[in-house]
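First up is the structure itself, then whatever we jot down about it.
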Amino acid sequence: MGSILKAQKANASKAARAVDRKDKRKADDMMALDDSDSEFEEKQELEAVPATKRRKNKQRVLLLSSRGVTHRMRHLMNDLEVLLPHVKKDSKLDSKSQLHLLPELADLHNCNNTLYFEARRHEDLYLWAAKMPNGPSIKMHVQNVHTMDELKMTGNCLKGSRGLLSFDQSFDDTEWGKLTKELFTHIFGIPPTARKAKPFVDHILTFSIVDEKIWFRNFQIIEKDPLSPNGPPQMTLVEIGPRFVLTPIRIFEGAFGGATVYSNPEFITPAAIRTAIRKEQGKKYNIRKDAEQASSVRKEKRRRAEDELAVSKVFA
């Protein structure tokens, strides 16, 4: 009897253990189901929320000029084409009065910015910077042009590399400065996905406002002193070129036209300056002729009257 009771107790304990195991398995299965349901619900919520797409910089610039550009103007355009790998260069525009064709050309070349160089009288250069297709656009007078070949600076940078943009604090002081800064950021800022761009940043483009004019400079970024290459890193800037000065004339609301947003009251056209110089030179000529005439009058007044007892009359 004792052995039978022991066997019954052992069988009962085994059965109780088996029941506990089943209950634990059921509880674990229920927990796993709850976890899977919560994960599924979280996935559905994430899918329901629209994912914010990363903004891509897709700026492309159309570069072209008018007829009548000189060699220096053409070299400046070539330097800008080298500096900006996202530029698409087009042939010269035949007519200077049909600027409304430029938005169509930009659309054909799949460009959303335009740099148009307009030459007047083979000596005056104007630059149009416009945002396509709805504007705004800025007309500027280009002065003091110095190309890379002309300057022969010691700076150098990789062709196709991306450059940093540095704007003077004066751009934020005026409304036209803020608009110009935003437009130049779109045009001169090289997107990382540009086809000809290289993933290097080794130069900086600076824009400064002095005497109501925009001064453009291009510098190379040197991290080490070339005289002591093994020394500590020392950041220096060496000018590369080109360099030029822009005088804003007028800002239009549309692309190459529209309402005038800003007009520079201090701007004087180069033709008016040359006319004033010629007038000053003409004044000098008139003053010289008047002095000659006054001198001849004085000589006539100082001349003595002819004497009747002169030898030529007595022994005639």
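The values are calculated or read from the model by the stated rules, or taken from the named source; none is laboratory data. Everything numeric here is computed off the predicted structure, so don't read it as measured data. In this analysis, Cβ positions are derived from the backbone assuming ideal geometry, glycine residues included, and neighbour counts consider all displayed protein chains.
Yes or no: LEU151 modelled with pLDDT under 85 and within 25 Å of THR70 (Cβ to Cβ)?
Yes, satisfied.
Failed condition for GLY135, given (1) within 17 Å of VAL69 (Cβ to Cβ); (2) in contact (Cβ under 8 Å) with a residue 60 or more places away in the chain; (3) not hydrophobic (A, V, I, L, M, F, W, C), with all others met?
The single condition GLY135 does not satisfy is (1).
Quick check on ASN144: is it modelled with pLDDT under 95 and touching a strand residue (DSSP E or B) at 6+ places or on another chain (Cβ under 6 Å)?
It is true that ASN144 is modelled with pLDDT under 95 and touching a strand residue (DSSP E or B) at 6+ places or on another chain (Cβ under 6 Å).
Condition check: at pLDDT 90 or above and either surrounded by 17 or more Cβ atoms within 10 Å (Cβ to Cβ) or more than 26 Å from LEU99 (Cα to Cα) (or both). Does PRO242 satisfy that?
yes
I'd like to check something: does the stretch 258-267 contain any residue that is assigned to a strand (DSSP E or B), touching a residue at least 12 places away in the same chain (Cβ under 8 Å) and of a type in the set (Asp, Glu)?
No, because not a single residue in the stretch 258-267 is assigned to a strand (DSSP E or B), touching a residue at least 12 places away in the same chain (Cβ under 8 Å) and of a type in the set (Asp, Glu).
When you scan the stretch 269-290, do you find a residue that is over 19 Å from TRP128 (Cβ atoms), hydroxyl-bearing (Ser, Thr, Tyr) and not in a strand (DSSP E or B), even just one?
yes
Could you check ASP290 against (1) surrounded by 10 or more Cβ atoms within 10 Å (Cβ to Cβ); (2) of a type outside the set (Gly, Ala, Ser); (3) within 44 Å of the chain's Cα centre (by Cα) and say which number it fails?
The one condition ASP290 does not meet is (3).
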